[in-house]
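Visitor: Structure incoming, see below.
The values are calculated or read from the model by the stated rules, or taken from the named source; none is laboratory data. Owing to the predicted nature of the structure, the values given are computational and were not obtained by experimental measurement. Cβ atoms come from the backbone with ideal geometry, glycine included; neighbour counts cover every protein chain shown. Only protein heavy atoms, including side chains, enter the accessible area calculation; ligands, DNA and RNA are left aside. Shrake-Rupley method; radii C 1.70, N 1.55, O 1.52, S 1.80 Å.
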Amino acid sequence: MEAIKTEGLTKKYRDVVAVDNLSLSVHRGELFSLLGVNGAGKTTTIKMLSCLTQPTSGDAFLNGKSICRDVAAVKSIIAVSPQETAVAPGLTVRENLELICGVHGFSKEKRNAKISELTELLELNEVIKKKAGKLSGGWQRRLSIAMALISEPEILFLDEPTLGLDVLVRSDLWELIRSLKGKVTIVLTTHYMEEAEELSDRIAIMKNGKLLICDSADKIKEAAGADDFEQAFVRLVKGESK
Ligand SMILES: Nc1ncnc2c1ncn2[C@@H]1O[C@H](COP(=O)(O)OP(=O)(O)OP(=O)(O)O)[C@@H](O)[C@H]1O
């Protein structure tokens, strides 16, 4: 069974078709990126797949569960690290993690074990007692990913995980995201071509709500007759591929 399978997924806002008859599959354990220029429909796709907004038509199945009919089941197997910062600024890093453990009703033992595990995995030890609002953007993002991992999701959505971060912090986060590969299915949206190319098993490029191509970075370059991935993206989006 695929981790995600969308069938004719469509979202209309009045006269705008934000996502237009999208059909794609994401394999289990895969790191899958959604790319597209502003307004291509990436965020709307993620919002539908994470049950934050309902499709106008079509459906999607996450580990076999329908986003239209099995909302509670879908929500129990996914987590989202959203574009906008999701941490409580007045709480420390540890308190933020404890809060989410509380939401999931963990016992004290499970909470402590989970926090230790994630603190180590995300290397949060040095900031564990700091107020989240005082952390730099990169650390806040790290914490947000840790919070998303608390529920042990089968599918993790990362919406622009390195937006606005400097190149060093970005490369640290890439290392972190790479370390999650295979453990959890990851769907990532980004505007950074090198990020998609560096991290993804496969990449879907969207334009005007439609899927232009979905393949590995190498195959996409080949299809566009381009030497580098950015050139391939530009050609495909402008409709200039050979
Ligand atoms: N709540 C909404 N109401 C009306 N139109 C919307 C709404 N959300 C998105 N849209 C429109 O749907 C289209 C797709 O938007 P979406 O945010 O999904 O694109 P995106 O690829 O994520 O863009 P960006 O890279 O800028 O985040 C755009 O034309 C946008 O203006």
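Visitor: Would you mention how many residues in region 200-219 are under 15 Å from the mean Cα position of the chain (by Cα) and small (Gly, Ala, Ser)?
Guide: Total satisfying the criteria: 2.
Visitor: Name the single residue, out of those in region 207-242 being within 16 Å of the ligand (Cβ to nearest atom) and in a loop (DSSP other than H, G, I, E, B), that is surrounded by the most Cβ atoms within 10 Å (Cβ to Cβ).
Guide: Of everything passing the filter in region 207-242, GLY209 is surrounded by the most Cβ atoms within 10 Å (Cβ to Cβ).
Visitor: Inside region 223-236, can you point out the residues that are among the aliphatic types (A, V, I, L, M) and closer than 15 Å to TYR192 by Cα?
Guide: ALA232, VAL234
Visitor: Pick out, from region 1-99, the strands (runs of 3 or more DSSP E) lying fully within it that include 2 or more residues that are open to solvent by 50 Å² or more (accessible area, probe 1.4 Å).
Guide: Once the strands (runs of 3 or more DSSP E) in region 1-99 are filtered for at least 2 residues that are open to solvent by 50 Å² or more (accessible area, probe 1.4 Å), what remains is 4-13, 16-22.
Visitor: Which pairs turn up if I take residues in region 147-168 that are more than 11 Å from THR189 (Cα to Cα) and look for partners that are open to solvent by 30 Å² or more (accessible area, probe 1.4 Å) with beta carbon separation below 6 Å, at least 6 apart in sequence or on another chain?
Guide: MET147/ILE100; ILE150/ILE100; SER151/HIS104; LEU165/GLY137
Visitor: Residues of region 1-23 being closer than 22 Å to GLU160 by Cβ and within 15 Å of the ligand (Cβ to nearest atom), which ones?
Guide: THR6, LEU9, LYS11, TYR13, VAL16, ALA18, VAL19, ASP20, LEU22
Visitor: What is the number of the single condition among (1) out of contact with any Leu (no Cβ under 7 Å at 6 or more places or on another chain); (2) within 16 Å of the ligand (Cβ to nearest atom) that ALA204 does not meet?
Guide: Of everything listed in (1) out of contact with any Leu (no Cβ under 7 Å at 6 or more places or on another chain); (2) within 16 Å of the ligand (Cβ to nearest atom), ALA204 misses just condition (1).
Visitor: Can you confirm whether GLY138 is small (Gly, Ala, Ser), modelled with pLDDT under 95 and open to solvent by 40 Å² or more (accessible area, probe 1.4 Å)?
Guide: Here the answer is no, as GLY138 does not meet what is asked.
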